[in-house]
Amino acid sequence: MRRTRPVVAIDGPAGAGKTTVTRRVAERLGYTLVDTGALYRTVALAATRAGLSWADTAAVGELALGLAGRGAIRFDASPGGGGHVLLDGEDVSAAIRTQQVAEGASQVSAIPAVREALLELQRQAGRDGGVVLEGRDIGTVVFPDAEAKFFLTASTAVRAERRFVELRDKGAPADLARVTEEVRARDERDTMRPIAPLRQAEDAVLVDSSELDIEQVVERIVGHALGVAERLAQSSS
Ligand code: DC
């Protein structure tokens, strides 16, 4: 199907500013925001509630396929519902934001059956275009045909520093050397995993936020996406 408005894919590692950037880009373009990490977090939460260990790949995979099969995980598509995720009708958007669930999401996202279970849901959410999807494998696996792809990254040192400041501001005890090591270990796990590893799509625009502030990053992405949107609109009229 030819889209009249683009699918905008924003992939990249944790700590590059993806969440804030994606939200602002979606606002500026007037597009729907789809936070795909929230789906992996919801599976991790559902597993905990079902009394499963995240390391039990077979059981968690089966759980995810079951949840997706009966439509138990949904994005709230109502006006103003942007970014909210429902699990069996319950809004779990706040419950999935804990550090513990983030750890679970990182583990369950490496399970092939979990990725398979969530694939269709993501494709449906973006199919018609006019969406900004944030994730790790949007431009490579979920929407290889996305019209506008970005790979947003920053140096390990910058991402570790941002995470350190975030923890400190929350009043959590943090040690920069340790946070740096955690960022490095997570990058390694995400880029080395055999299924849907984190990597830049060949046709993605690389945006390095190490030396840019959020507004500059947003400007760059919006500028490029608007150019793509204009070309699409022209070619479809
Ligand atoms: O972006 P986030 O922190 O909410 O993502 C939670 C976890 O899910 C993270 O460990 C990476 C994983 N993830 C993924 O593997 N693929 C995606 N498209 C989105 C997130």
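What the table below lists for this structure:
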quantity: Spread of Cα-to-Cα distances over 10 Å intervals beginning at zero, given as percent, for the stretch 51-135; calculated: 15, 48, 33, 4
quantity: Among Ser93, Pro13, Val207 - extreme Cα towards positive end, dipole of the chain, charges at beta-carbon; calculated: Ser93
quantity: Heavy-atom accessible surface of the stretch 21-60: percent carbon and sulfur, 1.4 Å; calculated: 49
quantity: Per-selection Rg to Rh, the stretch 123-237 - Cα, Kirkwood hydrodynamic radius; calculated: 1.04
quantity: Apportionment of accessible area to carbon and sulfur, the stretch 139-236, percent (1.4 Å); calculated: 54
quantity: The chain, relative contact order [Cα under 8 Å, separation at least 6], %; calculated: 34
quantity: log10 of Debye I(q)/I(0), alpha-carbon scatterers only, for the chain at 0.10, 0.13, 0.18 Å⁻¹; calculated: -0.46, -0.80, -1.50
quantity: Whole-angstrom gap from the stretch 117-141 to the stretch 48-110, using each part's C-alpha centre; calculated: 16
quantity: Alpha carbon centroid spacing (whole Å) that separates the stretch 20-46 from the stretch 159-237; calculated: 13
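The values are calculated or read from the model by the stated rules, or taken from the named source; none is laboratory data. No experiment lies behind these values; they were computed from the predicted model shown. As a convention, Cβ positions derive from the backbone with ideal geometry for all residues, glycine included, and neighbour counts pool all protein chains shown. When the accessible area is computed, the model is the full protein with side chains, heavy atoms only, and any ligands, DNA or RNA have been set aside. Shrake-Rupley method; radii C 1.70, N 1.55, O 1.52, S 1.80 Å.
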